[in-house]
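The values are calculated or read from the model by the stated rules, or taken from the named source; none is laboratory data. Keep in mind the model is a prediction, meaning the values are calculated, not measured. Glycine also receives a Cβ, built like all others from the backbone with ideal geometry; neighbour counts cover every protein chain displayed.
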Amino acid sequence: MNFETVLFYLFAAVTVFAALRVITARNPLHAVLFLVLAFVSSAGIWMLLEAEFLAIALVLVYVGAVMVLFLFVVMMLDINIEQLRKGFWQWLPLGGLLAALIGVQMVWVLGADEISAGTTAVKHAADYSNTKELGRLIYTDYVYPFEIAAVLLLVAMVAAIALTLRKRRDTKRQDVNKQVKVRREDRVRIVSVPSARQVESVQEAAASNHGHTAD
Amino acid sequence: MLENYFPVLLFIGIALVMGVVPLVLGMLVGPHRPDEKKLSPYECGFEAFEDARMKFDVRFYLVAILFILFDLEIAFLFPWAIVLKEIGTFGFVSMMIFLAILVVGFVYEWMKGALEWE
C-alpha cells in the first residue's frame, strides 16, 4: 500500500464521516460546516486523480461561494428545529423508499461494465495537465454546452435580480443619470411677482378692510 | 505530478496540528471549575437576549448569488487562457460569445441598480 492509497482512504473516510454528519447534525449550521468539510476532502480525492483544475474549482466555487449562500439561507430561514423533527416517523417509509431507489441506481451504475473494479486510472506523463485537456475540449468539441452554460448563468442572474431587488422608498438615493439629464426648464420656474406697492395704496386697502369689518 | 502538491498536503497537516493541539492541550492540562456564570453565553457585557438566527436583508443573498455567477464565469477563463494558442480563432470566438452573453446580464444588473446598496 503506497502513500497515495493511504491518502485516498484518509480523504474517503473524512468525506463519508462528514457526509454522515451533514444528515445527522442537529444544528443546521453544523450540517453546513460539515458539508464544507465533505467538499474539501472530495477536492483532495479529485487531486489524487490528477484532476487539479476541478479540485481547485470545487474549493473556489463550492466552498468559497455556494456554501456562503447556504449559510445565508440557513441563517435567513429562522428554522425551528423541534418543529422540523415532528413528522419523522410519519415520513420515514417514503424517505426509506427513496433511499432504497437511489441505492439501487448507484449499484446499477457503478456495477456497469464500463466502471468495473478492474479498471485502473491511466498513468500520465509528468508534464500532463488536466487543465489543458479540459481547455482543449470545452471550447471546441463542447462549444454548444459551453454557450448554454452562459445562457443559464444569464437566466440565473436575471431571475435573482427580478426576485429579490426592490427599491426602498424611505432612502434618499443619488441617481447620477437623472442629475446629469436634468434641464433648466425642469427645475427653474420664473414667476412674475408684482413689485412692492406704494404706501398710500396699502393704507387705502387697510382702510377699506376696516370698513368691511365694521359693517 | 502529485509530488508537486506535497507541500500543500504538508501545509494542511501543519495547519490541522496547529489548530487541534492547543485545544486538546487546554482540555487536558487546564483546570476545570465551571460555574453558572462561566457557562452562560457571553455577549459583550450584557445579557444575551435573542436568538442568533434572525432575518437578513434579502439584498445580501442577491450579492452572494451575483458573486457566484461571476465566480463561475472566471472559472471558465482559466483553462481557456492556457490553451488559447492551441484552440485558435474558434476557441477565441466561442469564449467571446460566452462573455458577450454574460455582459448582457452585467449591463442588466448595472442598469437595474442591483450593484448599489442604497
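Residues satisfying the criterion are present in the range A:80-102 (criterion: assigned to a loop (DSSP other than H, G, I, E, B), more than 30 Å from B:F70 (Cα to Cα) and either within 12 Å of chain B (Cβ to nearest Cβ) or modelled with pLDDT of 85 or more (or both)). All conditions in (1) acidic (D, E); (2) at pLDDT below 90; (3) in a helix (DSSP H, G or I) hold for B:E50, with the sole exception of (3).
Considering the conditions (1) at pLDDT below 80; (2) within 30 Å of B:L72 (Cα to Cα); (3) not in a loop (DSSP other than H, G, I, E, B), A:Q203 is excluded by exactly one of them, (2).
Scanning the range B:87-118 for residues that are farther than 11 Å from A:Y139 by Cα, facing another protein chain (nearest Cβ under 8 Å) and modelled with pLDDT under 90 yields a count of 6. Does B:I65 qualify as being crowded, with 17+ Cβ neighbours inside 10 Å, over 24 Å from A:L165 (Cβ atoms), at pLDDT below 90 and in contact with a helix residue (DSSP H, G or I) (Cβ under 8 Å, 6 or more places away or on another chain)? No, not satisfied.
Of all positions in the range A:144-158, none carries a residue that is modelled with pLDDT under 80 and part of a helix (DSSP H, G or I).
Determine if the range A:57-70 includes at least one residue that is more than 22 Å from B:Y61 (Cβ to Cβ), facing chain B (nearest Cβ under 9 Å) and in a helix (DSSP H, G or I). Checked the range A:57-70: at least one residue is more than 22 Å from B:Y61 (Cβ to Cβ), facing chain B (nearest Cβ under 9 Å) and in a helix (DSSP H, G or I). The number of residues in the range A:24-53 that are more than 10 Å from chain B (Cβ to nearest Cβ) and in a helix (DSSP H, G or I) comes to 16.
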